[in-house]
Every structure is written in structure tokens, then in C-alpha cells.
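The structure under discussion appears below in the form of C-alpha cells.
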């Protein structure tokens, strides 16, 4: 026994020593485990993006000057709000987002130059930006060449799908078809008059609308007219409207032209509480310029309105007003721009990497349930599934939602039978 | 310093004065050595873009500085040259293979979006590179000739001419934007890829194009210098200062003016073509009134009487534009505006004026070269 005890003590010591020795490598591992929230930079960034242990750089590229500044301000503000909210919640893969902002100056070549700068010089992991189709077309080759990642917020004409772009606004069929169905069914509309600004988006949208009116609704298009961007004389077309008396005036006039159009419409005695008018280009931002009284009664078709009643939107509107002032209005594009940083964050975290290829691969199927518009899902074609809503303009500059599509509508940027 | 008056023969009138050779050497050193060595690929490509605007400023020096014809529509010629080149590049990029998702493969994408199903007739010749290169020069020259002849024959000059050129710039922009099925509309012609099979989007291609651009610019400067020192150049200056005397002496004023205008147009067009190659697209935002006036500002900042000043002015203004806008994205336009006001108020003859007043006299004194008489500062035209 004594011998045994004598032998036992050292063996117990040895065991403890061995355990301690075995624990050493484990202790060496311990500091690693405390960094689990922020995986090593080398692992999450294999393509030389601007990612450090604590920061990741994201570009914001909108017009701060020039004619588009008034429209793009909201989008840019929403992106900054989203990024600050993400940072407050701990960032992306444990890294705070650092913003590099550039001014596209309402000039398409400048957009291309700045996009290249953001990708080549600043190595931005993602860029939130652009508003007009023209600016997107200008930067698209740059993003494709340097394998960048762009989140584009505006509702647009479709006919495009790039590996390097996510489209957080609606493409034309999502926006148009449901609203035409609604106005046909609810208001019995049969005849339509199209009025648009003369560039690719209104022309493509009207082409889709015309096919739908003629082939699906069996109605007629009694007129289709286009005006240059910035045009302010609509009296001749207003006379034609009085002559043809269409059931619905369908408009996609953009920017400052809207102000002249609705004022002249009112001055000519066309009362929008009696005459149906459906627009796909007027958000709360535009009404700010048009004046609520001038457009009250018109129907607008968008996926988002500031007046939407849901908890997500109430939080979003409150946060937006807190950051940018109570007087700011929030339009469709502003909300779509707000989605970009969150969709990117979710994709990065799902992929466990900032690498553009991995983020792109992780994106399809992602659902964002906290979106102010309700919830959205990324389709493999890089557009979002979203609801379409029709709302009536009120004299106070807000909208009252009168129709909401029951389900999310699938994005279809290359619609068969509408081209 | 004072040279006895001697009959101006060609022998007495060297191609360039020593100081001008120095200026040229300095400019060439900056373009071909300093910038390529100091700048990374992205910034060098930007510098190449700026230098393509310098062609326009150079043309303006001849037309406005020497000839006294202020054109506020040089964007038209820049655009024509650029569009000719863009049409060629777009056709090459729109191969059936690249455009197979379209309803009509093989035509440019914007035509497909606008329900055009066949290539328009005026696009067809631009499938050929030699035709395109000729068109880059000939189309703007012809257009300038028609405009110039129509105006100058009727003795439209000064402010009226400036207004008409501006109207032409506006008309052409509206035409391009309105005919989007044929021109790409407000988006312009985008996504250009290869020049005769050579990918122009790579860094090495940008480098090569930068040097081609620089060489062309120097060649244009030398040609402009040749015009300046020739009898023709002197008639231009004479015309600017006393048009009636030149006319009464039996010269066809309209002819000389048209020539200067056409030459400026050709320079602008070469710049436009080089711009398209380096930037990879062309849009109506280079054709309109605003860019045309901006181009006049380049020449004004550089000094409208100096060929070299025009190039420096273009570089300075564009560099300031890029730097200000990167550092102060929300305030940069104020900085740029301030720069213009400063130049116009303090240095009406631009950078070249500063050089001539302050730098050159000292250099000349130090060099003590008997041949380098002080350059007579021509009177401001307007």
C-alpha cells in the first residue's frame, strides 16, 4: 500500500502535469476564440479589397450637384442612414463600414470616372449609387471590368442583368402590369393616353404598358407623346387630352417637367378627382416640387410610399427624420436605396467573405424581413421580389395606399411578349 | 534687346523661337516622362482624358486667340469626332455573339431597345476602320466648312457668330437625344470594348493610347505653330485686329476665317476620337452648351494667345475639377468657380500671360540670347 501510495503521488502529479501540458496548445488557441466575431482579414478578403481588421470601405456615388442632385439626395441620405445603423449594430463581419463619397455631378462620364476611382483607387468592397439609367449604363462597363459590386436603387426599364449589379428598385413590368390591371378592373378603364419624357425608361415602360393594354386588357391606346427632358410646355398635349378624352392618362414624365405638367393640367381645368391619371414617375420627392394641391387625386404606382403602415416603416421614417430633419420626405427610390447596404451586409455574412464573387453567389434567395416596404427577396436575376402598390395623392403631399398586390411580384427584366 | 527693324522674310522668321522650343520641350517632358512616371494607371488614364480636351483648347487658340472668332460650340466637333469613333467601336462590340440575348442580334443594344430591327444605312460604313478614321477628320471639317461659309460669307461675326455656334450645339444635342434609336439618346454610346480586335479597356491599352494621344497633341501643336508663323497666321491676326483693312487689301476674309474655324473643328474632332478611345464611351453631355463653354474656359485659363498655355490650362482646370470634387464632394463647384473668377480678374491672359509677364523676361535676361527679342504681346481681341 505504502509503495502504491508512494508511486501514486508522482503518477497523479504526472497526470496533472500532462493535463497542464495538453492544455497549453488549447490556451494558445484561446485568444483566437475571442475574435470569432471578426474572422481574419486574410480569410474574408482574398481579392485585395479595402478591408482591414476593423474597417471595410464602401463607396457612395450619387449626384450632389447638377440637375439630378435634387432627386439623388434622398437616396444618398438613406444609404448613409443604413450604413450608420449597421455600424451601430456592430458592422459587417465585425468591421465598421467606412464611406467614401463621390459626386457624379449629374454627368454620365463623371459617374464613370468616379466609379473607376472608387474601384481602382479606393478598392471599395461595394458601391451604393447611381440614379438615372444613363449613369448606370455609363458605370456598368467599369463595374464589369473591375469586378465591382453596385447596388442600384431606382425603378428602371429592365432589359439588363449584370453579375456585378443588384437592382433594389423595381423593373418596369413589376411596376406597371399590376397597376394597369387594377385600374382596368376597379375603374373600368378602357382607353389610355401615354405621356412621357423622351428617353429609354419612359419609352420602354410605355412599350410594355401598350402591349399589356392591347393584348391583355383589350383596351386601346389613343395617344402616345414624348417630350425632351426638362420640357415645360404641355399645352398642346393637354388640348389633345381634352379632345380624345381617354379614361386614363398614363404618365412617365420625369424631373422638373412634372412641375409644369401638373400645374398646366390644373390650369386647363382637368380635375384629377374626375379624370383618372396613373403615373409611374411621381413619388413624394416630386410632389415636393409639384405641390400637393396640383396633383391631388392622381394615382401613383410604386412599391413604397412614406405613409405605409407597418412597424418596419414607422421605425425607418422616424430614424430618417431624426438624422435628416422632420421636413424631409421619403420617396420610393429613397427606400430602395436604404435596402442596398443591408442586402450587401446579409450577403457578406452569409458568404463569410467580402469577395465580390462569393457575395454575388450568396445573394440569391436572401430575404430582408425588416425592409420598410414589408419584406423583399433577391431573385437569381439580381432583382428584388417586391409588392406593387397604387396610391392616391393627397393635398398634403403624401399618398394614401388604395391597392397592394397580394403577393410579392417576381422580377422579370426580359419580359417575354412585351419586347 | 532691341532689334533693328528688318524686312520680314522667311529666313528671319524661324519656325520657333528658342523660348518656344524650351516650352515645347517642357510640355513634352511632362506629358511623356513626368506624368507616366508619377501617376498610377488610373490617374494616367485621367490625364489622357484631360489631354484629349487640350486638342479643343488648341483649336480655340487658333480660331479665337489668333483669328478672333469666338466659337461657343466646339463641343459639336468634339462630339462629331467622338461619335464617329464610338460608332465604329460600338459596331465591333455588337457582334452577333455578344448580343445574342437581343431580339435582333448583331445590332447595337440601344437600337434593339428602341425596336429597330436593322442597322441604319449611315451606320454601315462605320464597320470599316479606315473609313472611320477618315470620317473622324472629314465629317467635322465638312460641317465646320458649311457653317463657316454660310456665316462668314454673310459677314456674321463676333457675338452673333458665338450665339449661332451655341445654338448649333443645342440643336445637335436635341437631335442626338431625340433620335435615341439611332444615337443612343441621352445615355450615349456605351460599353465600347475593342479597336480592331484590340481590347481598349486594359491598363496597357490605356497606357499606349495615352502616348498616342500625347504624340498627336504635340503634332497638332507643331502644325498650329506652322500655321501661326506662316503668312496665313499673320493674316488671321491682322483680321482679328482690323478686319476691314485686310478686306480692302484684297484678301478673302471669309475664306481665311472658314479655314481657321475648320482647323479648330478638326483638332476638336481628333480630341473627341481620342477621348472615346480612352474613356470608352461618348454621350451628348459633351456636345451641348455647357461643355462647349467649359472648353472655352480651358483656353481662357491657359491664355488664349498661347498654344502651350491652352494645354496647361486644360490640365490645370481638369486637375482642379477632379481634386476639388474628390476632396469636397458637396462644395467643389464653389472652389472651381472661385478659380475661374480669380484667373479672369487677376490674369486676363491666363497662365501664358503670367509666364510672359513674370517668367520669360527673367529667363531671357539670364540667357542673354541676342536673337530672343521680347515677344510682342498681341492686343486682346475683344
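Since every read-out is calculated from the coordinates, none of them should be taken as a lab result. This one's a predicted model, so the numbers in the text were calculated from it and none came from an experiment. When we count neighbours, we look across all protein chains shown, and the Cβ atoms used for this are built from the backbone with ideal geometry, even at glycine.
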Okay, helix-only estimate at 222 nm for the protein assembly as shown: each DSSP H run of n ≥ 4 adds -39500 (n - 2.57), divide by all residues, round to 500 deg cm²/dmol; what do you get? -17000 deg cm²/dmol
Over all alpha-carbon pairs of segment B:278-326, lay out the pair-distance distribution in 10 Å bins, whole %, shortest bin first. 26, 44, 30, 1
If N is the number of residues in segment B:142-227, what value comes out of its Cα radius of gyration divided by 2.2 N^0.38 Å? 1.56
Largest first and in whole Å, give the semi-axes of segment A:366-406's equivalent ellipsoid, each being the square root of 5 times a Cα gyration tensor eigenvalue. 26, 11, 9
How far apart, in nm, are the 7 Å Cα→Cβ label points at residue B:26 and residue B:142? 4.2 nm
For chain A, just list the percent of Cα-Cα distances falling in each 10 Å bin from zero outward, please. 4, 21, 29, 21, 10, 5, 3, 3, 2, 1, 1, 0
Relative contact order as a percentage, chain A, C-alpha pairs under 8 Å and 6+ apart, gives 17 percent
Can you tell me the mean projection area, over all orientations, of the convex hull of segment A:265-331's alpha carbons? Units nm², please. 5.1 nm²
Could you give log10 I(q)/I(0) at q = 0.13, 0.15, 0.26 Å⁻¹ for segment A:290-363, computed by the Debye formula over C-alpha point scatterers of equal weight, without solvent? -0.57, -0.69, -1.15
Looking at the calculated P(r) for segment A:216-339, what percent of the C-alpha pair distances fall above 18 Å? 57 percent
Could you tell me what % of all Cα pairs in segment A:145-255 have separations over 22 Å? 40 percent
Could the peptides B:221-229, B:335-343, B:180-188, A:298-306 be put in order, highest first, of the mean number of other beta-carbon atoms found within 10 Å of their residues? A:298-306, B:180-188, B:221-229, B:335-343
If N is the residue count of segment A:160-222, its Cα Rg over 2.2 N^0.38 Å rounds to 1.25
Calculate I(q)/I(0) for segment B:99-177 by the Debye formula, one identical point scatterer on each C-alpha and no solvent, and give its log10 at q = 0.13, 0.15, 0.16 Å⁻¹ to two decimals. -0.64, -0.77, -0.82
Sort A:92-103, A:336-347 by the packing proxy (mean of other Cβ within 10 Å over each peptide's residues), most packed first. A:336-347, A:92-103
What is the extension gain from residue A:322 to residue A:190, computed as 0.36 nm multiplied by their sequence separation minus the C-alpha to C-alpha distance, in nm to one decimal? 43.0 nm
Need one value for A:108-114: mean number of C-beta atoms belonging to other chains within 10 Å of its residues' C-beta atoms. 6
Volume per residue of the C-alpha convex hull in segment B:1-139, rounded to whole Å³: 202 Å³
Write down the percent of antiparallel bridges among all DSSP beta bridges whose residues are both part of chain A, to the nearest 5. 30 percent
Kirkwood Rh (inverse of mean 1/r, distinct Cα pairs), chain B, angstrom: 21.9 Å
Could you tell me the distance between the Cα centroids of segment A:38-63 and segment B:190-217, to the nearest Å? 31 Å
Please report Rg over Rh for segment A:317-419, where both radii come from the alpha carbon positions and Rh follows the Kirkwood definition. 1.03
Based on the inverse mean of 1/r over its pairs of different Cα atoms, what is the Kirkwood hydrodynamic radius of the protein assembly as shown, in Å? 29.4 Å
Report, in cubic angstrom per residue, the convex hull volume of the C-alpha atoms of segment A:98-156. 72 Å³
How shielded is B:275-283 by partner chains, expressed as the average number of their Cβ atoms within 10 Å of its Cβ atoms? 3
Alpha carbon centroid spacing (whole Å) that separates segment A:158-181 from segment B:141-158: 48 Å
Sort B:117, A:47, B:165 so the one with the fewest other Cβ atoms within 10 Å of its own Cβ comes first. B:117, A:47, B:165
Given R₀ = 60 Å, what would the calculated FRET efficiency be for residue B:196 paired with residue B:330, taking r from the Cβ atoms and rounding to 0.05? 0.90
Mean separation of Cα contacts under 8 Å (at least 6 apart) over the residue count of chain B, i.e. the relative contact order in percent, is 31 percent
If you average the C-alpha positions of segment A:343-400 and of segment B:56-130 separately, how far apart do those two centres end up, in angstrom? 37 Å
Burial ordering of B:190, B:357, fewest other beta-carbon atoms within 10 Å first: B:357, B:190
Determine the shielding of peptide B:185-193 by partner chains: average, over its residues, the number of Cβ atoms on other chains within 10 angstrom of each Cβ. 6
FRET E, pair residue A:398, residue B:345, Förster distance 35 Å, beta-carbon r, rounded to 0.05: 0.10
I'd like to compare A:208-215, B:62-69: which one has the highest average count of other Cβ atoms within 10 Å, and what's the full order after that? B:62-69, A:208-215
Could you compute how fast segment B:217-372 diffuses translationally, taking Rh as the Kirkwood radius over C-alpha pairs and applying Stokes-Einstein at 10 °C with viscosity 1.306 mPa s? Give it in µm² per second. 88 µm²/s
Percent RCO, i.e. relative contact order, over segment A:253-326, from Cα pairs under 8 Å lying at least 6 residues apart: 32 percent
Beyond 22 Å, what share of the Cα-Cα pairs of segment A:73-228 is found? Please give it as a whole percent. 52 percent
